[in-house]
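The values are calculated or read from the model by the stated rules, or taken from the named source; none is laboratory data. Remember, predicted model here, so these are calculated numbers, not experimental data. All Cβ positions, glycine included, derive from the backbone under ideal geometry; neighbour counts span all protein chains shown. Accessible surface areas use protein heavy atoms only, side chains included; no ligands, DNA or RNA. Shrake-Rupley method; radii C 1.70, N 1.55, O 1.52, S 1.80 Å.
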Amino acid sequence: MRSPATTSWHSASWQTKPAQQQPVYSDPAALERIVAQIARLPPVVVSWEVEALRGKLAAAQRGEGFLLQGGDCAEAFADCESDTIAKKLKILLQMSLVLLHGLKKPIIRVGRMAGQYAKPRSADTETRNGVTLPSYRGDLVNRPEFTPDARAADPELLLRGYERAALTLNFVRALVEGGFADLHHPEYWDLGFVHHAPLKDAYQRIVRSIGDALDFFEGISGRQVHEATLVEFYASHEGLHLHYEQAQTRFIPRQNRWYNLSTHMPWIGMRTAGLDGAHVEYFRGIANPIGVKVGPAMDAAWLQGLVTLLNPQNQPGRLTLIHRFGAKDVSAALPKAIEAVRQTGQTVLWVCDPMHGNTETTTGGLKTRRFENILKEVELAFRIHAELGSHLGGVHVELTGDDVTECTGGARGLTDQDLQRAYRSTVDPRLNHEQALELAMLIAEHSRNRRAAPRS
Ligand code: PEP
Ligand code: CO
């Protein structure tokens, strides 16, 4: 049967559907001008990189790789600086090294970077002291200050966002290609910030062990391990602002398909995953590997609808389901989700986002997440997938290379009181570098234990 949804797609066909979470621009002609300008500018990524990533995700789907997707909840334009970008890259590389060592499979590194500028909000407006203004929707849309000027949606910001995405990825590419990410030289990624001694020692041991393994292999084979040691790095962001996504969506004649070239792997957020909505319409027509966030409200029919609409050909690596149920609900919700997808006969890559289902507010009014809940959700996700004959093929985390205090717990035992000290996020609380590295270590350690445990 031919579904009507498979006909008449083009990069602006989403405009015929209801679009959630879109800003209202007071001057639509100005918006159109900017979108046209971004459409003429060079792409941020190219189609063969996108295809390479899809191939790696297909391998992860078969259990031959593991996705590490991480970065800020929202990138701020002000944070587009060399130091912040390098630190974020370093923590992701460190985590990937630890995961490689523990999981013994290739780690696919994908940043929430170079385009993660737009945020979904629970309300369209915000009221303070009787004054109501549009909500802040991320630097791609408006500015956080509570004034009518700052909160007005400004189309120029789309262009600023495109430019920063390109600057960010340009720097990341240069670092990665310049040997910064070579496994022979993990000392380049030393952050000099891991002060917690046990964590630091454990990390150094892993680095030495990988160094020894490389030396050993190169010793017996008489050649340098180049291929395997040069790290690749990809970009991803929530494909939320559809005018921005549309602007960089191009038909590539050589591939005979449409690609979103603003990033390698866009994902659909939980609030915009409606089957009849504009986001699903837009995403179904692009050839990129895509993610979809899966939350507790998504029942079997909805999930099955997404899987068939977004990947009708069951193409390997095309669809990543990023579940984010929370430590409390994952045991009840995940088995149902796995079963629902199984009934479609399709294969997907399952990834756990242990952040967005575990957000809470302290008595002081700060948004936070407890490290123990984050770890617990990941652990439960690994176990549930294994018990049901499925497998968890990745994690999706919000983190920063900076020394912030936004999530509690971890080896240093951050408390609610500590949060005041260095709380910088304007949106969701992120793991700091130590907590992020510790999470990777614990995932690696537990998976070593699982492999060592006799099967029952
Ligand atoms: C996010 O990833 O920052 C986000 C908003 O997630 P979700 O759509 O899962 O709530
Ligand atoms: Co977030």
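Some points to look at:
- Lone qualifier among Asn288, Asn256 - being over 28 Å from Glu445 (Cβ atoms) and either within 16 Å of ligand 2 (Cβ to nearest atom) or free of Cβ contacts under 8 Å to residues at least 60 places away in the same chain (or both): Asn256
- Picking from residues in segment 359-383 that are open to solvent by 20 Å² or more (accessible area, probe 1.4 Å), of a type in the set (A, V, I, L, M, F, W, C) and part of a helix (DSSP H, G or I), the one that is farthest from ligand 2 (Cβ to nearest atom) is Phe382.
- Within this structure, Pro148 fails the test of being in contact with a Gly (Cβ under 9 Å, 6 or more places away or on another chain), open to solvent by 60 Å² or more (accessible area, probe 1.4 Å) and either away from ligand 2 (no atom under 16 Å from the Cβ) or closer than 26 Å to Ile268 by Cα (or both).
- Any hit, segment 354-365, residues being in contact with a Leu (Cβ under 7 Å, 6 or more places away or on another chain) and within 15 Å of ligand 1 (Cβ to nearest atom): no
- Residue match in segment 244-252 (condition: out of contact with any Pro (no Cβ under 8 Å at 6 or more places or on another chain), acidic (Asp, Glu) and not in a loop (DSSP other than H, G, I, E, B)): no
Let's see how each residue does on (1) within 21 Å of the chain's Cα centre (by Cα); (2) farther than 30 Å from Asp182 by Cα; (3) within 16 Å of ligand 1 (Cβ to nearest atom); (4) surrounded by 22 or more Cβ atoms within 10 Å (Cβ to Cβ):
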position: Ala19; (1), (2), (3), (4): no, yes, yes, no
position: Pro28; (1), (2), (3), (4): no, yes, no, no
position: Leu53; (1), (2), (3), (4): yes, no, no, yes
position: Glu75; (1), (2), (3), (4): yes, no, yes, yes
position: Asp79; (1), (2), (3), (4): yes, no, yes, no
position: Leu93; (1), (2), (3), (4): yes, no, no, yes
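- Filtering segment 427-451 to residues that are at pLDDT below 90 and within 15 Å of ligand 2 (Cβ to nearest atom) leaves only Val427.
- Helices (runs of 4 or more DSSP H) wholly inside segment 255-358 containing at least 3 residues that are farther than 25 Å from Thr16 by Cβ and at pLDDT 95 or above: 330-344
- Only listed residue being aliphatic (A, V, I, L, M) and in contact with a helix residue (DSSP H, G or I) (Cβ under 9 Å, 6 or more places away or on another chain), chosen from Ala152, Ala118, Ala166: Ala118
- Segment 392-408, subset modelled with pLDDT under 95 and open to solvent by 10 Å² or more (accessible area, probe 1.4 Å), residue farthest from ligand 1 (Cβ to nearest atom): Asp403
- Residues of segment 384-413 that turn out to be away from ligand 2 (no atom under 16 Å from the Cβ), outside any loop (DSSP other than H, G, I, E, B) and under 28 Å from Cys80 (Cα atoms), as a count: 2
- Residues of segment 148-170 satisfying the condition of being assigned to a loop (DSSP other than H, G, I, E, B) and among the acidic types (Asp, Glu): Asp154
- Out of Leu431, Leu419, sole residue that is in contact with a strand residue (DSSP E or B) (Cβ under 9 Å, 6 or more places away or on another chain) and free of Cβ contacts under 8 Å to residues at least 60 places away in the same chain: Leu419
- Considering Val225, Val231, the condition of being in contact (Cβ under 8 Å) with a residue 60 or more places away in the chain, among the β-branched types (Val, Ile, Thr) and open to solvent by less than 30 Å² (accessible area, probe 1.4 Å) is satisfied by Val231 alone.
- Scanning segment 414-438 for residues that are surrounded by 16 or more Cβ atoms within 10 Å (Cβ to Cβ) and in a helix (DSSP H, G or I) yields Leu419, His433, Glu434, Gln435, Ala436, Leu437, Glu438.
- A single entry from Val307, Val330 fulfils the requirement of being crowded, with 24+ Cβ neighbours inside 10 Å and either more than 28 Å from Pro42 (Cα to Cα) or more than 16 Å from ligand 2 (Cβ to nearest atom) (or both): Val330.
- Which listed residue is out of contact with any Pro (no Cβ under 6 Å at 6 or more places or on another chain), away from ligand 1 (no atom under 16 Å from the Cβ) and not β-branched (Val, Ile, Thr), from Asn373, Asn432: Asn432
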